[in-house]
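Report on the following structure.
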Amino acid sequence: MKSPPAQRTLRIVVVNTASNGADEGAVQAQARRNTALRIGLLESGYDIVASLPADIFLPERIAQIQPDMIIIDSESDARDVLEHIVIATRDEPRPIVLFTDDQTAASVDAAIAAGVSAYIVAGLQAERVKPVLDVALARFKREQKLLDELTDTRRQLAERKLIERAKGVLMARNRMTEDEAYQKLRSMAMNKKLKLAEVAQRILDVEDLL
């Protein structure tokens, strides 16, 4: 009996927002956060493919690495790095987890607008990393499924409108009934091996030219 195929390990990029001009206490606090995060990820079996600074080159680096998930470690306001993340994930959405100590409403709103899947305040302990990432990944998958369904529904509605308009053109031009016009569209689609909506669009394009 074959064993099931091994599940691919998530490739994770960690974005660190620590400032170079921070005082020694802040640097030590950030180091402890980084250690807790790395331990939590490694103990959970996740693959940290890169740890990146939050600079203007971040979108380009993420595009090159193509991670499965992005984790932002930000002790304070992360709105600047979120702007870079929005650019980096605009065409290829990814689950984003933000660990921070910032509880301000403006920061939370900015994170939601940027597409953050999990906004975790004061929760960067190694033992919490895995459950947080599991929830974030599940939420991201659900949101993407809903978005795909919405896109599909809109596409179907647009196609139906095209077909209805094309039927109207055929009915007016050839004095057909609605059923005859629909059957004509179906026959043209079958003969040309095209979708109904594609044939409808061609008919409307010709009508516009005339």
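The values are calculated or read from the model by the stated rules, or taken from the named source; none is laboratory data. Computed from a prediction, not measured in an experiment: that's the story for all the values here. Cβ atoms come from the backbone with ideal geometry, glycine included; neighbour counts cover every protein chain shown. What goes into the accessible areas is simple: the full protein's heavy atoms, side chains included, and nothing from ligands, DNA or RNA. Shrake-Rupley method; radii C 1.70, N 1.55, O 1.52, S 1.80 Å.
Quick notes
- Scanning segment 158-210 for residues that are open to solvent by less than 100 Å² (accessible area, probe 1.4 Å) and either touching a Pro at 6+ places or on another chain (Cβ under 6 Å) or not in a helix (DSSP H, G or I) (or both) yields Met176, Thr177, Leu194.
- Identity of the residue in segment 96-120, under 15 Å from Ala36 (Cβ atoms) and either open to solvent by 20 Å² or more (accessible area, probe 1.4 Å) or charged (D, E, K, R) (or both), that ends up nearest to the chain's Cα centre (by Cα): Ile120
- Taken over segment 45-58, the residue count meeting the criterion of being modelled with pLDDT of 80 or more, open to solvent by 40 Å² or more (accessible area, probe 1.4 Å) and part of a strand (DSSP E or B) is 3.
- Among residues of segment 118-157, those that are hydroxyl-bearing (Ser, Thr, Tyr) and in a helix (DSSP H, G or I), counted: 2
- Test for Glu83: is it more than 24 Å from Ala31 (Cβ to Cβ), in a helix (DSSP H, G or I) and either open to solvent by 20 Å² or more (accessible area, probe 1.4 Å) or of a type in the set (A, V, I, L, M, F, W, C) (or both): yes
- Residues in segment 138-157 that are farther than 20 Å from Arg90 by Cβ and either among the aromatic types (Phe, Trp, Tyr) or surrounded by 12 or more Cβ atoms within 10 Å (Cβ to Cβ) (or both): Ala138 alone.
- The set of residues in segment 59-80 being modelled with pLDDT under 85 and either open to solvent by less than 40 Å² (accessible area, probe 1.4 Å) or of a type in the set (Ser, Thr, Tyr) (or both) consists of Asp73, Ser74, Ser76, Ala78.
- Just so you know, in segment 124-133 the residues that are in contact with a Ser or Thr (Cβ under 9 Å, 6 or more places away or on another chain) and at pLDDT below 80 include one that is farthest from Leu82 (Cα to Cα), and it is Ala126.
- Residue check, Val129 in contact with a helix residue (DSSP H, G or I) (Cβ under 9 Å, 6 or more places away or on another chain), closer than 19 Å to Asp68 by Cα and surrounded by 13 or more Cβ atoms within 10 Å (Cβ to Cβ): yes
- The single condition among (1) closer than 13 Å to Val15 by Cβ; (2) assigned to a loop (DSSP other than H, G, I, E, B); (3) modelled with pLDDT of 85 or more; (4) open to solvent by 20 Å² or more (accessible area, probe 1.4 Å) that Pro93 does not meet is (1).
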